[in-house]
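Novice: Before anything else, here's the structure in question.
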Amino acid sequence: MKKIIILFSVLAIALASNAQKYSWLGFGFKAGTNFSKYLGADISSSNTVLKPYIGGTINFKLGKQFCIKQEILFSSEGSQLGADPNKEKVATEYLVFPLMFQLNISKSFYLETGPQANILLNAKDQLGGITTDIKANYQPATLGWDLGMGAKLKSGFGFNVRYVPTLGNILKDQPYKYHSSVISIGFFYNVWHK
């Protein structure tokens, strides 16, 4: 994670010093909160958990209305399962790579959609005060599809809301199927912009 932050910081300095030359290229940071839960016919009860995400973006302008954004994010997700007072808690960590196609509907607002690749880093289960590593029960990589919208200011700051469902089962070699459903709400800052 530290290496990713350092890499994006170096890129930010390089791009900021050449902003006029590369006006079609942008760079930024983003962070926020995931509202995550599991869905599936085999789940009797599932509740949302709040988890953080953080990362960076590289933006490629295609005229005034369109933009392609490649993001690299560290994303914490999971869910609470069961109706018992001592609910089972599942916590996962992913390195995610959203590739977003953005439509600017005005100077301040935009819509976006695109595929997302998720690489599993960790998965743990907590029940009755006991924490168990369950990474082997999860798919090492999954795909999702992002739908989102946002608002941006001339200062470079902005606000973003995004819904990300997985396109397949997140479990591996299990008799039941889970799908991840995540609503992300956060802020971003473009290091330089035109």
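The values are calculated or read from the model by the stated rules, or taken from the named source; none is laboratory data. This one's a predicted model, so the numbers in the text were calculated from it and none came from an experiment. Using ideal geometry, Cβ is built from the backbone for each residue, glycine included, and neighbour counts are taken over all protein chains shown. Surface areas here come from the heavy atoms of the whole protein model, side chains and all, with no ligands, DNA or RNA. Shrake-Rupley method; radii C 1.70, N 1.55, O 1.52, S 1.80 Å.
Novice: Given all pairs of different Cα atoms, what value in angstroms does the Kirkwood hydrodynamic radius of segment 87-154 take?
Specialist: The answer is 14.4 Å.
Novice: Packing-wise, with mean Cβ within 10 Å as the measure, how do 148-158, 125-135 rank, highest first?
Specialist: Descending packing order for the listed peptides: 148-158, 125-135.
Novice: For segment 88-165, which whole percent of the accessible surface, found with a 1.4 angstrom probe, sits on carbon and sulfur atoms?
Specialist: 70 percent
Novice: Same structure, new question: Show me 169-177, 51-59 ranked by packing, highest mean number of other Cβ atoms within 10 Å first.
Specialist: Peptide ranking by packing, descending: 51-59, 169-177.
Novice: Which of the aspartates and glutamates could a cross-linker bridge to Lys87, judged by Cα under 19 Å and excluding same-chain residues fewer than eight apart?
Specialist: Asp42, Glu77, Asp125, Asp133
Novice: I'd like the per residue volume of the convex hull spanned by the Cα atoms of segment 45-148, given in cubic angstrom.
Specialist: 115 Å³
Novice: How long is the gain from Leu103 to Leu153 if the chain were fully straight, where each residue apart is worth 0.36 nm and the alpha carbon distance is subtracted?
Specialist: 16.4 nm
Novice: While we're on this one: Computed FRET efficiency, Cβ-Cβ of Phe60 and Ile130, R0 45 Å: what is it to the nearest 0.05?
Specialist: The value I calculate is 0.45.
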